[in-house]
Amino acid sequence: MGSRCLPCQAVFVPPRALCPRCDSSAMEWQRMDGRGKLVAFTCIAIGTPAMLKQGYGRENPYCTGVVELEENARVVARIQGVDTRNPATISVGMPLQVDFLREDSGSGSRTVLAFKPLPAG
Amino acid sequence: MRKKRNLSRGVALVGAGMSQFGMFRDRDSKDLFLEAFRAMIASVDKGLDPADIDAFYLGNYSNDFFVRQSHWGAILSDALGLVPRPATRTEGACASSALAFREGVFAIASGFYDAVLVGGVEDMSKGATEVVAEGLGMAAIPYERDVGFTFPGVFGTIATAYFDKFGASREHLMNVTIKSHDNAARNPKAQLSATLEDVMAAKKKRAESKGRTVPNWPDPKAFLRDPRANPVVAWPIHLFDCCPISDGACCLLLVGEELARNFTDDPLYVAGIGQASGRGLHASEDLTTFEATRYAAREAFDMAGIAADEVQFAEVHDCFSIAELLHIEDLGFFPAGHGYKAVEEGQTRLDGSKPINTSGGLKCKGHPVGATGAAQIFEVWTQLRGQAGERQVPGHPRLGAAQNLGGTGGTSTVTVLERR
Ligand SMILES: [Zn+2]
């Protein structure tokens, strides 16, 4: 979910209570369709402590990136289903669809925003 | 409309000193700061009585985390013999001491003080690499950290955006790295004071002495392309695109402009200062530019009454090689998308039209985060006063700039110094 500013129609993910463009607090919820394209990415070999604990590392990098949603908002997310050991195969502009992840957070599980390549056709 | 800003009283830089940068097992941030403080006093041509210092502004990112010690301004103040004069600590991640410098400038410009000590220090190498990374990660944007972004990861993401938009590649990042090493080899205070040829020779010798296969790299780029020598950290950022973990300190002495000649016949003047804030990756419309740097540069250059072209050399924040490319464009030295070509053509080398990071930059001089902003200004001081030795920018430059970034772009500052 994101938020949409009623006066200026800007969309924010994660949702904001105050619009940084027009300072309005009049927001409504905005549901996202979950489709977008890859704006930029990285394949991380030396990860955050939480990711290292999950077994990611030099031999098994993970991909994170910036995704532009069809609703005209950008998010940062994990990118699944790509060959992180061959980053040359991952291309800016590739179409993606949302693919939420459940991860162990140490004290229970949490949901992580993730995307995967949109199957062709 | 933005208004052109001015200081109501001119401010001069009349002393500057820095400690050796490096990883020190047996020296803490007090030891390093005292080294920088003594060097600063020795640099004041006509002498300085520390009793003349009215106040102290210290940039320090996180002694709290790295060595479990807060309140470092006042505690250092006692070590320096400055008690009971006021000490104020500033924090802006890797831009902490550039913020201290600004506060010092404002304190003098307002007429409140006549002489201010500005310092920066960080002591961050004592813990394991993961602990250092965790400490730096505290300055990251929580939303980005939660999906797994690291600092190198954010800059790797910026790099893929830059490559895609402008047709640059890893080879262009290597040009930045090679230049940084060449410059640092001429800077005795630098942490990595060696050319890549020196680094390669040392690695070959080591392999030989251990009876291992001696690698055969024909040139520095072959070395940088070798994944064993230069492993990936966060694609396309590799080990040699990253600044090291560093300890170090730097001290600067600011005085009211009309008092400058009491301290030296060769003062420098604060011609322009700018500071701005930026936003995270997801909120940036264009990942190939630092909004805060562009804003801070305009503010500083407008105040100095100059165009970007008139700045003769600069220290810019190259925490990762890609950041140097963005910054030389955001400062207006080269048009957007042309920075990597300028570096490839040698324009940013010591003998080029716009020398960048003559000190070796964060990449090779080292990046003790709280000291970096002040240390950049130290390099500008050294160059403008013609004291840079083998790495001296030719032609007696008059105008130099320093640009310091906090975090992944949340803070940026630009300072222009002038020799009149
Ligand atoms: Zn709005």
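Every read-out reported here was derived from the displayed coordinates using simple, explicitly stated rules and does not represent laboratory data. Nothing here was measured: the structure is a model prediction, and the numbers come from that model. A quick note on method: Cβ atoms are made from the backbone with ideal geometry, for glycine too, and the neighbour counts reach across all protein chains shown.
Can you compute the FRET efficiency between residue B:88 and residue A:17 using 1/(1 + (r/R0)^6), with r the Cβ-Cβ distance and R0 = 41 Å? Round to the nearest 0.05.
0.80
Within a Cβ distance under 13 Å of residue B:165, other residues only, what is the Lys/Arg minus Asp/Glu net charge?
Around residue B:165, the charge tally is -4.
Enumerate the calculated ³J(HN,Hα) couplings along segment B:389-396 in order (Karplus 6.51 cos²θ - 1.76 cosθ + 1.60, θ = phi - 60°), each rounded to whole Hz, writing x wherever the residue is Gly or Pro.
Calculated HN-Hα couplings, in order: x, 5, 9, 4, 5, x, x, 6 Hz.
Using a 10 Å cut-off on Cβ to Cβ distances, tally the other chain neighbours for every residue of B:151-163 and report the average as a whole number.
That works out to 5 on average.
Rank these for me by crowding, A:32, B:174, A:1, going from fewest to most other beta carbons within 10 Å. It would help to have the intermediate numbers written out before the result.
On the way: A:32 16, B:174 23, A:1 9.
Least to most surrounded, the residues fall as A:1, A:32, B:174.
Counting other C-beta atoms within 10 Å, which of B:255, B:214, B:67, B:233 has the fewest, and how do the rest follow? Write down the numbers at each step before the final one.
Numbers: B:255 28, B:214 12, B:67 16, B:233 25.
Ascending Cβ contact count within 10 Å gives the list B:214, B:67, B:233, B:255.
Take peptide B:224-234, look around each residue's Cβ out to 10 angstrom, count Cβ atoms belonging to other protein chains, and average those counts. The partial results should precede the final answer.
Working: counts 0, 0, 0, 0, 0, 0, 0, 3, 9, 6, 8.
Per residue, the average neighbour count from other chains is 2.
Return the long-range amide H neighbours of residue B:249 (sequence gap of 5 or more, or a different chain), with a cut-off of under 5 Å between placed amide H atoms.
Residues meeting the criterion, in which the H sits 1.01 Å from N, are B:19.
With θ set to phi - 60° and the Karplus curve 6.51 cos²θ - 1.76 cosθ + 1.60, what are the ³J(HN,Hα) couplings of segment A:78-94 in order, to the nearest whole Hz, using x for Gly and Pro?
With coefficients 6.51, -1.76 and 1.60, one gets 6, 10, 9, x, 10, 8, 6, 8, 10, x, 4, 7, 9, 10, 4, x, 5 Hz.
From the convex hull of the Cα coordinates of segment B:143-217, what is the mean projected area in square nanometres? Don't skip to the answer; put the middle values down first.
Details: hull surface 32.7 nm².
Mean projected area for segment B:143-217: 8.2 nm², to one decimal.
At most 11 other Cβ atoms within 10 Å and a DSSP loop assignment: could you name the trypsin sites (Lys or Arg not before Pro) in segment B:210-264 that fit?
B:210, B:212, B:228
Which whole number gives the average count of other chain Cβ atoms within 10 Å of the Cβ atoms across peptide A:72-84?
Details: counts 0, 2, 7, 4, 15, 3, 4, 1, 0, 0, 0, 0, 1.
For peptide A:72-84, the averaged partner shielding equals 3.
Could you list which residues have their amide H under 5 Å from that of residue A:115, counting only those 5 or more apart in sequence or on another chain, with H placed in the peptide plane?
Amide H neighbours of residue A:115: A:78, A:79, A:80, A:99.
Taking every pair of alpha-carbon atoms in segment B:1-48, give the share separated by more than 16 Å as a whole percent.
For segment B:1-48, the fraction of Cα-Cα distances above 16 Å is 57 percent.
If we count every other residue with Cβ under 11 angstrom of residue A:100's Cβ, Lys/Arg +1 and Asp/Glu -1, where does the sum land?
+2
Amide H to amide H, which residues 5 or more places from residue A:43 or on other chains are under 5 Å from it, using H placed in the peptide plane?
Here the answer is B:235, since their amide H atoms fall under 5 Å of that of residue A:43.
How many Å³ per residue does the convex hull of the Cα positions in chain B occupy?
138
Quick one: Karplus J couplings for segment B:238-250, per residue in order, coefficients 6.51, -1.76, 1.60, θ = phi - 60°, nearest Hz, x for Gly and Pro?
Karplus values, whole Hz, x for Gly and Pro: 10, 3, 7, 8, 9, 6, x, 7, 9, 10, x, 8, 8.
Determine the dipole magnitude for the protein assembly as shown: charges of +1 sit on the beta-carbon of Lys and Arg, -1 on that of Asp and Glu, nothing else is charged, the reference point is the Cα centre, and the result goes in debye to the nearest 20.
It comes to approximately 780 debye.
Please report, in whole Å³, the volume per residue of the convex hull around the C-alpha atoms of segment B:323-420.
Roughly 103 Å³ of hull volume per residue.
Rounded to the nearest 0.05, what FRET efficiency do residue B:169 and residue B:45 have when you use their Cβ-Cβ distance and R0 = 60 Å?
For residue B:169 and residue B:45, the calculated efficiency is 0.80.
Local charge sum around residue B:393 (other residues, Cβ-Cβ under 15 Å, Lys/Arg +1, Asp/Glu -1)?
With Lys, Arg at +1 and Asp, Glu at -1, the net is +1.
Per the Kirkwood treatment, what hydrodynamic radius in Å, one decimal, follows for the protein assembly as shown from the mean inverse distance over all distinct Cα pairs?
24.1 Å is the Kirkwood radius here.
Percent relative contact order of segment B:178-246, based on C-alpha pairs within less than 8 angstrom and at least six residues apart? Could the numbers behind the result be given before it?
Working: 50 pairs, mean separation 12.5, N = 69.
That works out to 18 percent.
What nm value, rounded to one decimal, do you get for the distance between residue A:99 and residue A:26 when each label is placed 7 Å out toward the C-beta?
About 4.1 nm, to one decimal.
With no solvent and one equal point scatterer placed on each C-alpha of chain A, evaluate the Debye formula and give log10 I(q)/I(0) for q = 0.10, 0.14, 0.20, 0.22 Å⁻¹, two decimals.
The calculated log intensity ratios at q = 0.10, 0.14, 0.20, 0.22 Å⁻¹ are -0.37, -0.68, -1.09, -1.19.
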